[in-house]
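Asks: Structure in structure tokens, see below.
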Amino acid sequence: MEGSSKTLLQVKNLSKKYLIKKQLLKKEFFYAVDNVSFYINQNETVGLVGESGSGKSTIGKLILKLIKKDEGEILFKGKDIYSFSRKEEKIFRKETSIVFQDPRTSLNPRMKIFQILEEPLIVHGFPKKERIKKVKKTIVDAGLDETFLDRYPSELSGGQRQRVAIARAIILEPDLIVADEPTSALDVSVQLQIINLINRLKTEKNISFLFISHDLNVVGLLSERIVVLYKGKIMEQGDGKKIIKNPLHPYTKLLIESLPPDHPSKRKDLEHIPETFREEIPGGCKFYSRCPIAQEICKKEPSYKKIDNREVYCHLV
Ligand SMILES: Nc1ncnc2c1ncn2[C@@H]1O[C@H](COP(=O)(O)OP(=O)(O)OP(=O)(O)O)[C@@H](O)[C@H]1O
Ligand SMILES: [Mg+2]
């Protein structure tokens, strides 16, 4: 999908492959991310949803240049992130950041919260006085108070630790944050608090988010647009409300059906979605083996269709 002048990040035909078999003279690759295109506008949250192993984290890491792409293009503010000069690279590092799923492992247990928040400011050359000021302000922006600065991560609850991780991600005033399952390790009530925090920061600080989750309910709560991923391919993407209300792809339909929105306690995980119906066809639709309505034509690769302001990867819509 093409972005507009407001586009902050544009991903075009992005692929990442891993070597799975190395036989004599024959290499076999597996595509963790397969010809993926999407964009994120300024001050927008895009939800990236898919089951475990679908390539969500790989996409998150690719767009922040934490791992190397194999094919395709990633443009940040219109510029190819692989063509950056050293100075541009440093600015890119300042303007982008990441929040991980588990704040227990993403925060250094031997550092006090103050040091954790101060670290990126040191890396980017902020003088001491400004560092103190920014740390004190940012902890409050993340919904905690200054008394937390003197504590270690182990002295915080899971939700409080995730607030610290978010404070660290916003301290350099980035334009884009990749939030990789930031609520998955938390209780439902705390999940909602973190979602509210992300929504507030997006508005107050004009930050764009790529919000990664396996939970379509969570994604639906805060994403303007949603990208549905299956085995490294985008199945459907577009307006978040439309996708939740009227999913077009058979995979998205199954996701929605299995997640009764008014009964969070009855939520099923994406892994509960169908058994395999038939054998996988290499080069065919990725969802063929599990699709309840697949037909002969689905043994061939579908192309993207534009329907109702959405892009759908299915022969049958
Ligand atoms: N360094 C690597 N070497 C080989 N395969 C990898 C590597 N990193 C990821 N993969 C594979 O790529 C696929 C996508 O992984 P990824 O971590 O992006 O999935 P995910 O959607 O984030 O899953 P989860 O919801 O479990 O976090 C998986 O099959 C994974 O095993
Ligand atoms: Mg992941």
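Asks: Distance in nm between label sites at S52 and R104, each 7 Å beyond Cα in the beta-carbon direction?
Replies: 1.6
Asks: Calculate how steeply helix 188-205 sits against the longest principal axis of the alpha-carbon atoms of the chain, using the helix alpha-carbon long axis, and give the answer as 0 to 90 degrees to the nearest 10.
Replies: Roughly 70 degrees between the two axes.
Asks: Return the lysines within reach of K129: Cα separation strictly under 17 angstrom, same-chain partners fewer than 8 residues apart disregarded; answer none if there are no such residues.
Replies: List returned: K137.
Asks: Continuing with this model, one more query. How far apart, in nm, are the 7 Å Cα→Cβ label points at K299 and L24?
Replies: It is 3.3 nm.
Asks: Order the peptides 180-186, 161-167 from the highest to the lowest mean number of other Cβ atoms within 10 Å of their residues.
Replies: Averaged packing, sorted descending, gives the order 161-167, 180-186.
Asks: Treating the beta-carbon of each Lys and Arg as +1 and of each Asp and Glu as -1, no other charges, what is the dipole magnitude of the range 74-121 about its Cα centre, to the nearest 20 debye?
Replies: In total the dipole reaches around 120 debye.
Asks: Can you work out the FRET efficiency for the pair D187 and T276, with r the C-beta to C-beta distance and R0 = 30 Å, to the nearest 0.05?
Replies: The value I calculate is 0.35.
Asks: On a 0 to 90° scale, report how tilted helix 128-141 is relative to the longest principal axis of the chain, with both axes built from alpha carbons and the result rounded to the nearest 10.
Replies: On a 0 to 90 degree scale, this one is about 50.
Asks: What's the exposure ranking of E236, E73, going from fewest to most Cβ atoms within 10 Å?
Replies: E73, E236
Asks: Rounded to the nearest 5, what is the percent of antiparallel bridges among the DSSP beta bridges in the range 7-313?
Replies: 65
Asks: Packing-wise, with mean Cβ within 10 Å as the measure, how do 224-231, 87-94, 239-246 rank, highest first?
Replies: Descending packing order for the listed peptides: 224-231, 239-246, 87-94.
Asks: Taking the Cβ-Cβ separation of N196 and K77 as r and a Förster radius of 35 Å, what is the calculated FRET efficiency to the nearest 0.05?
Replies: 0.80
Asks: By how many degrees, between 0 and 90 and to the nearest 10, does the Cα long axis of helix 158-170 differ from the longest principal axis of the chain?
Replies: Helix 158-170 sits roughly 80 degrees off the main axis of the chain.
Asks: Still on this structure, I have one more. Based on the mean of other Cβ atoms within 10 Å per residue, sort peptides 133-141, 206-214 so the most packed one is first.
Replies: Descending packing order for the listed peptides: 206-214, 133-141.
Any read-out appearing in this document is the output of simple, stated calculations on the displayed coordinates, not a laboratory observation. This structure is a prediction, so every number in the text was calculated from the model and none was measured. Positions of Cβ are backbone-derived with ideal geometry, glycine not excepted, and every protein chain shown enters the neighbour counts.
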